[in-house]
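The numbers here are math on the coordinates, done by the rules we state, and not lab data. Because the structure is predicted, anything quoted here is derived from the model rather than measured.
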Amino acid sequence: MIVTVRVGPLFVVAPCRIVYATVEADRFGFAYGTLPGHPEQGEESFHIARNAEGAIIFEILAFSRPAAVLAKLGGPIARMTQQRITRCYLEGVRTHVAGDA
């Protein structure tokens, strides 16, 4: 898959692939890993789970390091962009759960 992210007036192309899927009774989701050409090198997973008390939890786990020169030079901007994208993921889940989608 290709993820595109707008950073100011620029668009960053970030190729990725699904590396695994989880389908269990109380947990499901997937993870993707970066491919060559992605500004970062790493993996991110997204899971919905039901805990022992029955509460539903949305989990995002990620690890990465800069892969492209611009990501290395723009460390703080890259980190802010990652945080913005995570907020968008969370807002998407909130919107879906609230029925606004």
(message) Please list 3J(HN,Hα) in residue order for region 52-60, calculated via the Karplus relation 6.51 cos²θ - 1.76 cosθ + 1.60 where θ = phi - 60°; whole Hz, with x for glycine and proline.
(response) 4, 8, x, 6, 8, 10, 9, 10, 10
(message) Largest first, please: the extent of the C-alpha atoms of region 2-98 along each principal axis, to the nearest Å.
(response) 45, 27, 20
(message) Using 0.36 nm times the number of residues separating residue 50 and residue 4, minus their current alpha carbon distance, what extension gain do you get?
(response) 13.4 nm
(request) Scan around residue 41 for amide H atoms under 5 Å from its own, H built in the peptide plane at 1.01 Å from N, and keep only partners 5 or more places away or cross-chain. (result) 65, 67
(message) Suppose only helical runs count, i.e. DSSP H with n ≥ 4. What mean residue ellipticity at 222 nm does that imply for the chain under -39500 (n - 2.57) per run, divided by all residues and rounded to the nearest 500 deg cm²/dmol?
(response) -9500 deg cm²/dmol
(message) How tilted is helix 75-98 with respect to the longest principal axis of the chain? Cα atoms for both, answer in degrees (0 to 90, nearest 10).
(response) 30
(message) For region 13-36 and region 75-101, what is the centre-to-centre distance using only Cα atoms, to the nearest Å?
(response) 17
